[in-house]
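Everything on this sheet refers to the single structure shown next.
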Amino acid sequence: MNNLSLYQISSNYLEAMDVLTDPEMDLPAEAITDTLEGLSGELEEKAINVTKFMRNMEATAKAIKEAESDMAKRRKALENRISWMKDYLKGSMEHTGITKIECPYFKLSIQKNPASVNITDEKAVPDKFKEQVISWKIDKTAIKNALKTGDTVTGAVLANGTRLAIR
């Protein structure tokens, strides 16, 4: 197998197509077919190898994603345990009236938080303290259906792209 890239192989294929199908070139049909089949085989072989490598990368990415999920669950469990322990320690200190504990490694103290607002009834809050929030969501499905039926939608067009399907 050669060491050409997929891009180089596809470029060679297109160049050969141009040369071999040139009406001014008087080449036998068998030579044209053999050359194109050879280049096509190289392209297919390289495409298969690239796809194998890509599938390997997909499996690695999936494994990483699963590991991330497991690690996130473990992190969340640790954070919940830390929060519980902080509340437990704070509650015990407050219950006993101890506001400070010092050791060579750290210092614990019960402190007051800054004042915060708790809303008990949103409807009862005067309008001067409310801010209206407006957001828009574009319904792409409705636009697609309108465009398909021949309607004109300013600022939107139907576009068809391509994708690589691997089964």
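The values are calculated or read from the model by the stated rules, or taken from the named source; none is laboratory data. Computed from a prediction, not measured in an experiment: that's the story for all the values here. All Cβ positions, even for glycine, are placed from backbone atoms using ideal geometry, and neighbour counts span all protein chains on display. Remember, those area values only see protein heavy atoms, side chains included, never the ligands or the DNA or RNA. Shrake-Rupley method; radii C 1.70, N 1.55, O 1.52, S 1.80 Å.
Looking at the range 120-133, is at least one residue part of a loop (DSSP other than H, G, I, E, B) and of a type in the set (Phe, Trp, Tyr)? There is no residue in the range 120-133 that is part of a loop (DSSP other than H, G, I, E, B) and of a type in the set (Phe, Trp, Tyr).
For the range 1-23, the candidate set comprises residues that are modelled with pLDDT under 75 and of a type in the set (Asp, Glu); within that set, the residue that is most open to solvent (accessible area, probe 1.4 Å) is 18.
Could you give every pair whose Cβ atoms fall below 9 Å, whose first residue belongs to the range 100-113 and is closer than 18 Å to residue 87 by Cα, and whose second residue is among the basic types (Lys, Arg) and part of a loop (DSSP other than H, G, I, E, B), counting only separations of at least 6 or pairs across chains? Hits for this filter: zero, empty list. The residue pairs whose first member lies in the range 140-152 and is open to solvent by 60 Å² or more (accessible area, probe 1.4 Å), whose second member is polar (S, T, N, Q), and whose beta carbons are closer than 9 Å, counting only pairs six or more residues apart or on different chains, are 151/145. Annotation note: of 54, 93, the sole residue that is open to solvent by less than 100 Å² (accessible area, probe 1.4 Å) and more than 30 Å from residue 165 (Cα to Cα) is 93.
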